[in-house]
Amino acid sequence: MRLLTALLVLTLPLAAAPPSTGEWRQFRGPNGTGVGTSTGLPVEMDGSHNLAWKAATPSSYSSPVMTAERVYLTGHEDTKLLTVALDRASGRELWRAEAPKPWPVKPKGPASPSMSSPATDGENVYVVWEHSGLLSYDKAGNLRWSLALGEINTPYGFGSSPAVFGSTVVLICDQDGESFVLAVHKDTGKQLWKTARPHAQHSFPTPVLFEPRGKDGKAGPKQVVVSGSHQVAGYSLATGEQLWWVDGMAWQAKQTPLVDGGTIYVLSSMPPMQELGPVPAEKTLAEFLEKYDANKDGKMTKDESPSAKPYGMRELWFLWDTNKNGRLDAIEVEIFLKRNSARSGLYALRPEGAGDLTGQAIAWSYQKGLPNIPSPLLYQGLLYVIREGGILTALEPGTGVVVKQGRVTGALGDYFASPVAADGKLFLLTHDGKLAVMKAGAEFEVLKVNELDETSWATPAIDGNQVFVKTQSALYCFALRKP
């Protein structure tokens, strides 16, 4: 009898899945919010609890997206850059497509060529590669179109993800050089508009859609909101015209903004240069040359720059020499000084009007306990941020007042994945593979910390009754089993 019972437990079916909405179509799901409508989600999730399937996948930092039938991933194997489609019901690999151009070097250390997450319109998939450009595949894996983006100059690789708004695919290409935001038609890849971002430097956010309403309650023209270096801006979805901007953000943008009605929440967080190492007192190129140009040839090179432990100007030369010409230029000094004065913060913006809204659009700001990478989460009336060391902060979204702050006991490591939520729960994934499930609310609490025993950079995805978690070598699909 005991043997029969054990066999029955091992073969218990998963709970019947509710109809899938296929809503998690881009990084962090619907408009980048990280919030799903799913119910009946599991709390215990590991190799033996509520595991629907597990599929081996190429290594990546990117996050999964899905349709009702497919899960799409990007990844790499050595220098091969891959887009992969899995059957959502079983995890079976349906196809993989290799990018036209490989990554020029074999990945080593923490670098990854596959940081950008795919996006889908429900049928087709859209991916971006630093060297191959923006590509689209149909559901069978056939290349529909490709669009070259030119050489992208970033010190860490390309990390922004595309987003699909109706018939338009939008991509941010912020870099140390000629930054721009681009819109193409999703079916043809034809460029609809391309707007220069002359003040932007290398950044990694995903664009989100903003639909402002006038005082009469009528919807205005749709806008694309872009968080970038020192500035958040809104662009016309139809034309690409920059409509408004708010200055004063951090010098490197990583987090994706959140849109809630007429409010946009922006987390712009980057350590000031003083925290990375000693900052030289010189303010102009002439002053640098006077002090550090040892051979007096009118050029200041890396070897002539000051060194310090752990980081000095020489050790962080890639942040100074943004155009990679091997010497310090006047514009690079200006860029660095601007970085040095930038300030991190969590901001609530209410952009009403056009042009420079810096002095009027900021409803409130918060500067304490901010994460380096994870995006914020707005769920059931609270705004959450998770930072290194497992410090979770919940704020009142209307005022920025802290409601509760505490540690995620059992999951105190680094966080690169952004938090997501559904079914009254928060899902937080550490870099070392601990998946914390928390009860959401003003008295948030840890329900369970699950061990996946592998590092992860990817943000979980939620749809139907399924939770998808991507580690460096596998994709897990979890669903609640029948009692």
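The values are calculated or read from the model by the stated rules, or taken from the named source; none is laboratory data. Model, not experiment: these values are computed from the prediction. Here the Cβ is made from the backbone with ideal geometry for all residues, glycine too, and neighbour counts use every protein chain on show. Surface accessibility is based on the protein's heavy atoms, side chains included, excluding ligands, DNA and RNA. Shrake-Rupley method; radii C 1.70, N 1.55, O 1.52, S 1.80 Å.
Scanning the stretch 145-164 for residues that are under 19 Å from HIS199 (Cβ atoms), over 17 Å from the mean Cα position of the chain (by Cα) and either open to solvent by less than 20 Å² (accessible area, probe 1.4 Å) or modelled with pLDDT of 95 or more (or both) returns a single hit, ILE152. In summary, strands (runs of 3 or more DSSP E) completely within the stretch 393-483 and bearing 1 or more residues that are open to solvent by less than 10 Å² (accessible area, probe 1.4 Å) and of a type outside the set (A, V, I, L, M, F, W, C) occur at 445-451, 461-463, 466-470. Take the residues in the stretch 165-196 that are touching a Lys or Arg at 6+ places or on another chain (Cβ under 6 Å) and within 15 Å of ASN153 (Cβ to Cβ), then tell me which one is modelled with the highest pLDDT. Result: PHE180.
A single entry from GLN223, GLN274, GLN242, GLN231 fulfils the requirement of being in contact with a Leu (Cβ under 8 Å, 6 or more places away or on another chain) and of a type in the set (S, T, N, Q): GLN223. Taken together, the criteria place THR322 among residues that are open to solvent by less than 50 Å² (accessible area, probe 1.4 Å) and either touching a helix residue (DSSP H, G or I) at 6+ places or on another chain (Cβ under 8 Å) or not hydrophobic (A, V, I, L, M, F, W, C) (or both).
For the stretch 198-226, the set of residues classified as at pLDDT below 95 and within 20 Å of PRO155 (Cα to Cα) consists of PRO198, HIS199, ALA200, GLN201, HIS202, SER203, PHE204, PRO205, listed by residue number. Among the residues making up the stretch 54-96, a single one is open to solvent by 20 Å² or more (accessible area, probe 1.4 Å), assigned to a strand (DSSP E or B) and of a type in the set (Phe, Trp, Tyr): TRP95.
Every test in (1) touching a Ser or Thr at 6+ places or on another chain (Cβ under 6 Å); (2) over 30 Å from GLY234 (Cα atoms) is passed by SER90 save one, and that test is (1).
Give me the residue from the stretch 337-365 that is polar (S, T, N, Q) and open to solvent by less than 50 Å² (accessible area, probe 1.4 Å) and, out of that set, modelled with the highest pLDDT. Residue satisfying both the conditions and the ranking: THR358. Cβ-Cβ distances below 7 Å connect the following pairs, each with a first residue in the stretch 421-445 that is without any contact (Cβ under 8 Å) to a residue 24 or more places away in the chain, a second residue that is open to solvent by less than 10 Å² (accessible area, probe 1.4 Å) and not in a loop (DSSP other than H, G, I, E, B), and a separation of six or more residues or different chains: GLU445/MET438.
Against the list (1) in contact with a Phe, Trp or Tyr (Cβ under 6 Å, 6 or more places away or on another chain); (2) among the polar types (S, T, N, Q); (3) crowded, with 23+ Cβ neighbours inside 10 Å, the condition SER375 fails is (1). When the stretch 24-35 is limited to residues that are open to solvent by 10 Å² or more (accessible area, probe 1.4 Å) and touching a residue at least 40 places away in the same chain (Cβ under 8 Å), the one that is farthest from VAL259 (Cα to Cα) turns out to be ARG25.
Only residues that are in a loop (DSSP other than H, G, I, E, B) and under 28 Å from LEU94 (Cβ atoms) were counted across the stretch 136-184, and they come to 15. Scanning the stretch 104-113 for residues that are hydrophobic (A, V, I, L, M, F, W, C) and modelled with pLDDT of 95 or more turns up nothing. Taken over the stretch 366-416, residues that are aromatic (Phe, Trp, Tyr) and within 18 Å of VAL446 (Cα to Cα) amount to 3. For the stretch 185-296, the strands (runs of 3 or more DSSP E) that sit wholly inside it and include 1 or more residues that are open to solvent by 10 Å² or more (accessible area, probe 1.4 Å) and within 20 Å of TYR366 (Cα to Cα) are 231-236, 242-247, 258-260, 263-268.
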